1. Take 33, 195 and order them by how many other Cβ atoms sit within 10 Å, fewest up front.
2. To the nearest 0.05, what FRET efficiency results for residue 104 and residue 190 with a Förster distance of 22 Å applied to their C-beta separation?
3. First check a/c for the stretch 3-299, with a ≥ b ≥ c the square roots of the eigenvalues of its C-alpha gyration tensor; if it is under 1.5, answer rounded, and if not, answer prolate when a/b is larger than b/c or oblate otherwise.
4. According to a simple spin-label model (label point 7 Å from Cα along Cα-to-Cβ), what is the distance in nm between residue 136 and residue 295?
5. For labels at residue 6 and residue 165 in the simple 7 Å Cα→Cβ model, what's the distance in nm?
6. Using the per-residue mean of other Cβ atoms lying within 10 Å as a proxy for protection, in what order, highest first, do the peptides 245-258, 96-109, 45-58 fall?
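Derivation of every value follows stated rules applied to the coordinates shown; laboratory data play no part. The model shown is predicted, which means the values in this text are computed figures rather than measured ones. Every residue, glycine among them, receives a Cβ derived from its backbone with ideal geometry; neighbour counts consider all protein chains shown.
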Amino acid sequence: MPLWHSVLAFAWCLLAGLLMSLGVGGGGILVGIGQISLLGVGDPNVVKLVNQLAELASRVISVPMYQRQRRLVWSLAAAYGVGAPAGAALGAWLSKSYLSDMAVYRPAFGILTASVACRVLYEDWGRSALAHAGRRRAREASQRALERRLRAPPDLRHDTEVHTTELSWRRVSVRFGGEDFAFKPISAAAGGFFIALFGSALGVGGGFLVTPFMTSFLLFPMYLVAGTGLVALVLPLLVSVGSYLTLRVSLDWPQLAIEIPAVILGSFLGPHLSRRLDERTLKTLVALVLLLIGLFYVVR
């Protein structure tokens, strides 16, 4: 690989690692753009596998940091993980069989990315979406947690921690920021299956789908979703990567040796930055990035 390719790949993956660790999605997609448009990788299956290896590397760094900040809902991640492995394995097989042609993969990648971005922008800026009681309650809980984390003394920060108040196969409820947030495990598992299927088929982590799912469908605060979504995707990522390797997708190991350390370095920054940005700013940031990316691949 030429030196300028190496420098460009490192810088691009540094940015991707930051976006991955923010927990709002789009990092794997950003790695994919670098593979396709900057480095000229022509095999979609290689792009998919590299994207997901980078996502896994990012989680090794970012998940423990979110845990130290006590921003993980383990019950939600576990329920999501029940359905995700089957979706990831099926998605890898479908992708290897039907999305191995770059001419087919690029527009599919672009359409789904732009669609998700439009939905997130609507939820953050649409009048009716802003008036939705559940979303408003989640936003306010996130904002209170941010303010207490930044301004309150350590002995008064217990309100930013998650406490499970109900746990059964029908319903799980947690208390956070003075509010109760509940979900049905079967809904979380079904979401895990379909999101893992799409994420594996497109060769991305799936954060760009799991974040809207947890914030808009399950109505959880972004303050908690940022880390919980990263945990929820670890198992399907492992299954998807294993499936691609089983299907004998080859890798450029020297290139990977440059990109993975860059992702890890970028991933140190995300959890710290996310504590200082409100929910709307985080979601709008990733939505704008995804919209531009999606439109680029659709029209090109």
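1. Numbers: 33 22, 195 29.
Result, fewest neighbours first: 33, 195.
2. On the way: r = 27 Å, r/R0 = 1.23.
Efficiency, from the Cβ-Cβ distance: 0.20.
3. Since a/c reaches 1.5 and a/b is larger than b/c, the shape of the stretch 3-299 is classed as prolate.
4. 3.1 nm
5. Taking the simple label geometry, residue 6 and residue 165 are separated by 5.6 nm.
6. Values: 245-258: 13.2, 96-109: 15.8, 45-58: 25.0.
Going from most to least packed, we get 45-58, 96-109, 245-258.
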